[in-house]
Amino acid sequence: MKPEMKKLIIANLPYLLFVYLFGKLGQTYRLAAGADLPEKLLHLADGFSLAFESAAPSFHLFDLAVGVAGAVALRLMVYCKSKNAKKYRRGVEYGSARWGGPKDIAPYIDPVFDNNILLTQTERLTMNNRPKDPKTARNKNVLVIGGSGSGKTRFFVKPNLMQCVSKDYPTSFVITDPKGSLIGEVGQLLVRCGYRVKVLNTINFSKSMRYNPFRYIHSEKDILKLVNTLICNTKGEGEKSAEDFWIKSERLLYSALIGYIWYEAPDDEMNFTTLLEMINASEAREDDPEFQSPVDQMFERLEEKDPEHFAVRQYRKFLLSAGKTRSSILISCGARLAPFDSAATRCRI
């Protein structure tokens, strides 16, 4: 039996007693002497005595009808009263929030210690996205708020990182460390536990591994994503959010050059250094519309081979502008990529 049906039956079970009582009242009226209501009311006491000579319920049709009708009417009265009743929560007028205890957190903790996010010494949260009880499934995002020196790293980040000592710990880590201290404090532990540790240090490039975004391009859509990421993360302070003509023109040139590199360049030249060299080799002359830079010649040869090439289509749009305009666009691109054109940065990208 379904829980809802069982609950409904239990709630209405007491009304069977009222069916019996109202049925006895109907039997009393029926057995009272008299042909009409006034006469029966005069002899109601005699009818009552006759009705209760036996405690057994009466199955006469009139008695059953009176019993059922009376019980149903009573049930409807109770239902209407409960629906219209005001709901009071006495003692909790100022709210019912309270600090949870061990019993409150217990359903959210995985029995296997290593399958939990450590929140405190005694509180944990299962990493299982499909626990046995779906009601205990919770989002795994944790926001830790505290001032400097309050222990955000020491008492939350490090304990969770140190769970790596378990062979059954089912996760990898991506850590943003503004202080730069975690790699020295737990890096060796992660290595000893079999983790591959990769470091991208944008402050001190001598302590950083290399990062080549071209390795993460798999389609033309990824090229557009890379161009968008490059522009969004090299905006100067106070730049307006709406893109103007120059930024849109830069997008065309970046898309063309990155598309050329990804499709046509050998593996050892598929990097940002090649992009910088192509920008440096680009040139436009206002007084000589027929002038072709080495980059123009590269795209011309590519167009002869494949006129519908992704890079060619982007570069063709870039060439729609006049020579003076293209020269300004190239200057904007050079200024945007200037931070990448240092010796320390070139060897890392």
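Overview of results
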read-out	value
Cα gyration tensor, the stretch 213-346 - rounded (a/c under 1.5), prolate or oblate	rounded
Within the stretch 51-102, trypsin sites (Lys or Arg not before Pro) in DSSP loop having at most 12 other beta-carbon neighbours inside 10 Å	Lys86, Lys87, Arg89, Arg90, Arg98
Degrees separating the helix 182-192 axis from the principal Cα axis of the chain, which is the longest one	80
FRET efficiency, Ala335 to Leu189 (Cβ-Cβ, R0 51 Å, nearest 0.05)	0.75
Alpha carbon centroid spacing (whole Å) that separates the stretch 7-22 from the stretch 249-301	87
Two-site label geometry, Glu300 and Tyr79: point separation in nm, points 7 Å out along Cα→Cβ	8.9
12 Å beta-carbon shell around Ile175, net charge (K/R +1, D/E -1)	+1
Computed lengthening from Glu123 to Ala137, 0.36 nm per intervening residue step minus Cα-Cα distance	3.5 nm
Gain in span if fully extended, Lys225 to Thr325, counting 0.36 nm per residue against the direct Cα distance	33.5 nm
At R0 = 35 Å, FRET efficiency that the Cβ-Cβ distance of Leu44 and Arg90 yields, to 0.05	0.20
Relative contact order (percent, whole number), the chain, Cα cutoff 8 Å, 6+ residue spacing	10
Added length on full extension, which subtracts the Cα-Cα distance from 0.36 nm per residue, Lys2 to Lys198	65.1 nm
Simple spin-label estimate for Ala56 and Ala265 in nanometres, 7 Å along Cα-Cβ	10.2
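Each value in this text was obtained by applying a stated rule to the coordinates, not by laboratory testing. Keep in mind that what you see is a predicted model, and the values were worked out from it rather than measured. Don't worry about glycine lacking a Cβ; one is built from the backbone with ideal geometry, like all the others, and counts go over all protein chains shown.
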